[in-house]
1. Check residue 107 against each of (1) assigned to a helix (DSSP H, G or I); (2) in contact with a helix residue (DSSP H, G or I) (Cβ under 6 Å, 6 or more places away or on another chain); (3) in contact (Cβ under 8 Å) with a residue 12 or more places away in the chain and name the one condition it does not meet.
2. Could you tell me whether residue 165 is free of Cβ contacts under 8 Å to residues at least 12 places away in the same chain, surrounded by 16 or more Cβ atoms within 10 Å (Cβ to Cβ) and not aliphatic (A, V, I, L, M)?
3. Regarding residue 157, is this residue part of a loop (DSSP other than H, G, I, E, B) and open to solvent by less than 20 Å² (accessible area, probe 1.4 Å)?
4. What about residue 80, is it in a helix (DSSP H, G or I), at pLDDT 90 or above, more than 30 Å from residue 155 (Cβ to Cβ) and not small (Gly, Ala, Ser)?
5. Need the failing condition index for residue 72 against (1) closer than 25 Å to residue 109 by Cα; (2) surrounded by fewer than 15 Cβ atoms within 10 Å (Cβ to Cβ), just the number.
6. Yes or no: the stretch 32-52 includes at least one residue that is out of contact with any strand residue (DSSP E or B) (no Cβ under 8 Å at 6 or more places or on another chain) and either within 15 Å of residue 238 (Cα to Cα) or at pLDDT 90 or above (or both).
7. For residues that are open to solvent by 50 Å² or more (accessible area, probe 1.4 Å) and among the aromatic types (Phe, Trp, Tyr), tally how many sit in the stretch 100-154.
Amino acid sequence: MRGYRGIKYTLFICCYVFWVVSAILAAVGIYGKIAKEKDVVDTLTLDPALLLIVVGSAMFLITFLGCFGALRNTTCLLKMFLGILVAVLLLQIAAGVVGYLFTDMVMERTERLMMKAIVRYREDRDLENAIDFIQKKFRCCGVESYKDWSRNVYFECLDTNPSLEACGVPFSCCVGLQNQTVLNTMCGYGVQQLEESSAGQDVFTIGCLQGIALWTKTNLLLVAGLTSGLLLLEVCMIGLAAGQISWIKKVQQLKNEDAPRRRSERKDSYWYPAFADFNDDDVSE
């Protein structure tokens with residue numbers, strides 16, 4: 001029984017932690033969605049708030065099945081939880097294999113998606129913050145180069161563009177100076193009119209697609225460790241769920257085998273009085 005309790009409560013604690021995290025993600029996404037204006041981006045792939053709501057809600061439902069099923073020993077919920085985890089694991093492995101075999105197609109789709117995000121920059125505050133974070137983190141600008149920002153109406157490099165940011169790039173593309181305490185948000189103005197060698201003194205000229213690829217190659221061990229850890233955690237939770245289901249089935253089988261003996265003992269108790277084992281001499285008036 002110690003092994004059974006260990007499996008049960010380990011699975012419950014793991015599911016409970018992810019259940020709380022998923023609730024926080026969904027709450028943050030809902031808050032971000034409510035705080036936005038009505039005419040913002042409403043696409044799952046380009047709206048971070050909507051993505052948080054979907055991912056958080058899915059995790060919330062899945063981990064709820066694991067929590068309640070583990071705590072109440074409900075095999076139906078545990079089987080649903082186990083099946084969903086196996087399906088997610090297989091989908092992740094399939095996505096990795098497809099991404100490796102069709103790298104060019106994946107890169108093309110990613111480039112197209114990132115270009116749509118640049119076009120819709122400034123239409124959604126969350127999307128704007130996400131793009132700024134990526135450009136700062138990976139020290140990049142645009143998708144393939146800093147001149148990709150000309151696809152955005154605010155940064156479009158045309159003489160007819162009335163925007164003050166025409167032919168410029170966002171401040172997140174700017175090369176940070178040492179000991180800089182005040183952020184210069186106008187550092188990217190007019191850099192699209194410069195050659196790459198001259199623009200490189202003020203902004204990052206490498207595209208984010210290449211920047212992310214270079215960062216992944218440089219931190220390959222970190223990426224591999226995080227991916228392996230996530231897959232290992234999923235495998236452990238699958239094993240715990242399968243182990244608890246097996247224990248529950250064993251207990252139910254033992255109860256079914258022991259049921260005839262208990263019924264016969266119950267019938268015997270009807271025919272023999274409660275003090276039948278006592279002798280007559282032991283009964284005193």
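1. (2)
2. So residue 165 fails the test.
3. Criteria not met by residue 157.
4. Numbers: in a helix (DSSP H, G or I): yes; at pLDDT 90 or above: yes; more than 30 Å from residue 155 (Cβ to Cβ): yes; not small (Gly, Ala, Ser): yes.
Answer is yes for this residue.
5. Failed condition: (1).
6. No, because not a single residue in the stretch 32-52 is out of contact with any strand residue (DSSP E or B) (no Cβ under 8 Å at 6 or more places or on another chain) and either within 15 Å of residue 238 (Cα to Cα) or at pLDDT 90 or above (or both).
7. Looking only at that region, the number is 4.
Conditions tested, residue by residue: (1) farther than 30 Å from residue 90 by Cα; (2) open to solvent by 80 Å² or more (accessible area, probe 1.4 Å).
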residue: 187; (1), (2): yes, no
residue: 193; (1), (2): yes, yes
residue: 203; (1), (2): yes, no
residue: 209; (1), (2): no, no
residue: 234; (1), (2): no, no
residue: 238; (1), (2): no, no
residue: 242; (1), (2): no, no
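The values are calculated or read from the model by the stated rules, or taken from the named source; none is laboratory data. Here the structure is a predicted model, which means the values were calculated and not measured. Here Cβ is always computed from backbone atoms with ideal geometry, including for glycine, and neighbour counts include all displayed protein chains. These accessible areas exclude ligands, DNA and RNA; they are computed on the full protein's heavy atoms, side chains included. Shrake-Rupley method; radii C 1.70, N 1.55, O 1.52, S 1.80 Å.
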